[in-house]
Amino acid sequence: MASKYQAPRGTFDVLPEDARARARVEAAASGIFARAGYGRIATPAFEDTELFERGVGRSTDIVRKEMFTFEDKGGRSITLRPEGTAPICRAYLERGMQKLAQPVKLAYSGPFFRHERPQAGRYRQFHQVGAEAIGSDLPLADAESIGLLADLLTELGVPGVELRLGSLGSLQARRAYMEELKAHLHANEGELSEDVRERIDVNPLRAFDSDHEGTRGVMEGAPRMVERLEGEDADHFAEVRALLETAGVQYSIDPTLVRGLDYYTRTIFSFVCDRLGAQSEIGGGGRYDGLIEQLGGPPTPAVGWAAGIERILLALGEETEAPPPRTVFISHDAGSGEAGRTAVALAGELRRAGLATELDLAGRSVKGQFKHANRIGADLVVILEEDGTLQLRDMQSGEQDAVESSDLVTEIGRRRS
Ligand code: AMP
């Protein structure tokens, strides 16, 4: 019977058959973070709403329409975190991390929440892995950060990935450029979509993202920030590019690249994947030299990224990896009484020795237990005979031998080698 309850719109359950692929992504990310000296951080799933208003930016789509915001019982405005960078910067300041050796390198993984229109690759609760290096303005930090995500996608074997790179310049340069861009948009207001027109003065960069034909036409003639970079901004970007080239990380410059968060300065980047549909971005990030100051801290340069775990899984497609081989205990009296106690004790021993081992927990007949062992792909079964002796049977060949309980671990190891 179908359940009368359904998971909320835009959410999903991770079922055991999906969990293995997901765990592989998490494990690959953990290895990459650990080897690069990034410590793990976990921040709360919700924060004061103002953190995101200030940190992500009031003019962004995220803050304007995508946040899950509610009032708690104390009348405070709370928001389920839509992204990880602002909370990590909050933690950096609150926990006095500016006193540590800089940069502070932090990595995370967990659920995030955005009230978006659900579609393939876009959910209301999704999961990200991400990394932040806070307290360095060196191009080296940008290149290393980008390299970590490139390594993760390569190690996982995500096909069809491309890296797009841009630069927004420093906060001051970005501000000057924005004025120029606004002037261009105002001069062509008539051809813009309503949404873009309404936001010329709040968030002109978003116009680069528009699908609207008229807007696209106007944007073709728009000034481009990467072409306006000067002085230290130009040098910084050139150095990031040189470092990526030395590291063999392929990229293309995308002068129209913008990101959905207000806090970026200088380097921005996006990894897209041609196996994904409309939601083609697998992960991205950039430098956010103004964010910590925006949150009330001292000026602190920083760079980081986040990648969507569901997008990585979608790009990887169906996982064909076989489950690990496992042993199943089969006993003549459905595991009750003496045989049951022996099976529990021996299974425990095998598991402690690192072997995947299962017991019948459903009271099946011997025939039923064999059928089930086949169904779950057991390569070996241990049969507990009525007289208390054990038989080890190879399910593929049908070969079966008596075995002493004290030899079980060694015997299983020998058969699998
Ligand atoms: P952002 O925090 O917007 O820079 O997004 C970083 C990454 O998170 C994106 O590249 C996506 O892979 C993923 N992502 C963002 N929003 C969603 C969503 N609503 N559903 C699934 N993945 C998302």
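The values are calculated or read from the model by the stated rules, or taken from the named source; none is laboratory data. Computed from a predicted model, the values in this text were never measured in an experiment. No Cβ is skipped: glycine too gets one built from the backbone with ideal geometry, and neighbour counts run over all protein chains shown. Note: accessible area is taken over every heavy atom of the protein model, side chains too, but ligands, DNA and RNA are not part of it. Shrake-Rupley method; radii C 1.70, N 1.55, O 1.52, S 1.80 Å.
Return the total of residues in region 281-303 being within 9 Å of the ligand (Cβ to nearest atom) and either touching a Gly at 6+ places or on another chain (Cβ under 7 Å) or more than 15 Å from Asp142 (Cα to Cα) (or both).
The number of residues fulfilling the criteria is 4.
From the list Lys65, Lys73, which residue is under 26 Å from Gly284 (Cβ atoms) and either away from the ligand (no atom under 16 Å from the Cβ) or open to solvent by 30 Å² or more (accessible area, probe 1.4 Å) (or both)? First the steps, then the outcome.
Working: Lys73 fails: under 26 Å from Gly284 (Cβ atoms).
Of the residues listed, the single one that is under 26 Å from Gly284 (Cβ atoms) and either away from the ligand (no atom under 16 Å from the Cβ) or open to solvent by 30 Å² or more (accessible area, probe 1.4 Å) (or both) is Lys65.
Kindly establish whether Leu261 is within 16 Å of the ligand (Cβ to nearest atom) and either among the charged types (D, E, K, R) or farther than 22 Å from Phe208 by Cα (or both).
It is false that Leu261 is within 16 Å of the ligand (Cβ to nearest atom) and either among the charged types (D, E, K, R) or farther than 22 Å from Phe208 by Cα (or both).
Check Glu50 against each of (1) assigned to a helix (DSSP H, G or I); (2) within 16 Å of the ligand (Cβ to nearest atom); (3) of a type in the set (Asp, Glu) and name the one condition it does not meet.
Of everything listed in (1) assigned to a helix (DSSP H, G or I); (2) within 16 Å of the ligand (Cβ to nearest atom); (3) of a type in the set (Asp, Glu), Glu50 misses just condition (2).
Starting from region 1-26, keep only residues that are small (Gly, Ala, Ser), then list their pairs with residues that are surrounded by fewer than 10 Cβ atoms within 10 Å (Cβ to Cβ) whose Cβ atoms are within a distance under 9 Å, requiring at least 6 positions of separation or different chains.
What qualifies is Ala7/Asp13; Gly10/Arg117; Ala21/Glu318; Ala21/Glu321.
Which of the residues belonging to region 15-36 are among the aliphatic types (A, V, I, L, M) and either loosely packed, with under 13 Cβ neighbours inside 10 Å or not in a loop (DSSP other than H, G, I, E, B) (or both)?
Filtering region 15-36 for residues among the aliphatic types (A, V, I, L, M) gives 15, 19, 21, 23, 25, 27-29, 32, 34, 36.
Those that are among the aliphatic types (A, V, I, L, M) and either loosely packed, with under 13 Cβ neighbours inside 10 Å or not in a loop (DSSP other than H, G, I, E, B) (or both): Leu15, Ala19, Ala21, Ala23, Val25, Ala27, Ala28, Ala29, Ile32, Ala34.
Looking at this structure, is Ala347 surrounded by fewer than 18 Cβ atoms within 10 Å (Cβ to Cβ), among the small types (Gly, Ala, Ser), outside any strand (DSSP E or B) and within 40 Å of the chain's Cα centre (by Cα)?
Details: surrounded by fewer than 18 Cβ atoms within 10 Å (Cβ to Cβ): no; among the small types (Gly, Ala, Ser): yes; outside any strand (DSSP E or B): yes; within 40 Å of the chain's Cα centre (by Cα): yes.
When the stated conditions are applied, Ala347 does not pass them.
Grab the strands (runs of 3 or more DSSP E) fully contained in region 367-417, keeping just those with 1 or more residues being open to solvent by 60 Å² or more (accessible area, probe 1.4 Å) and among the basic types (Lys, Arg).
Values: elements: 380-384, 390-394, 400-403.
Per the criteria, 390-394.
Answer yes if at least one residue in region 37-51 is at positive phi, open to solvent by less than 30 Å² (accessible area, probe 1.4 Å) and not β-branched (Val, Ile, Thr), and no otherwise. Walk me through how you get there before you give the answer.
Going residue by residue through region 37-51, those that are at positive phi are 37.
Adding the requirement that they be open to solvent by less than 30 Å² (accessible area, probe 1.4 Å) leaves none.
Checking region 37-51: not a single residue is at positive phi, open to solvent by less than 30 Å² (accessible area, probe 1.4 Å) and not β-branched (Val, Ile, Thr).
How many of the residues making up region 190-239 are of a type outside the set (S, T, N, Q), closer than 28 Å to Ala278 by Cβ and crowded, with 21+ Cβ neighbours inside 10 Å?
8
Could you identify the single residue in Thr327, Thr256 that is over 23 Å from Ser59 (Cα atoms) and modelled with pLDDT under 90? Walk me through it before giving the result.
Numbers: Thr256 fails: over 23 Å from Ser59 (Cα atoms).
Just a single option satisfies the conditions, and that option is Thr327.
Please identify the pairs in which a residue from region 103-129 that is on the phi > 0 side of the Ramachandran plot has its Cβ atom under 7 Å from the Cβ atom of a residue that is open to solvent by less than 30 Å² (accessible area, probe 1.4 Å), counting only partners at least 6 apart or on another chain.
Close Cβ pairs satisfying both conditions: Gly121/Leu276; Gly121/Glu310.
Working only within region 304-319, note down all residues that are of a type outside the set (Gly, Ala, Ser) and either in contact with a Lys or Arg (Cβ under 6 Å, 6 or more places away or on another chain) or within 10 Å of the ligand (Cβ to nearest atom) (or both). Even if it seems obvious, please write down each step before you answer.
Let us first name the residues in region 304-319 that are of a type outside the set (Gly, Ala, Ser), namely 305, 309-314, 316, 318-319.
Passing the criteria: Trp305, Ile309, Glu310, Arg311, Ile312, Leu314.
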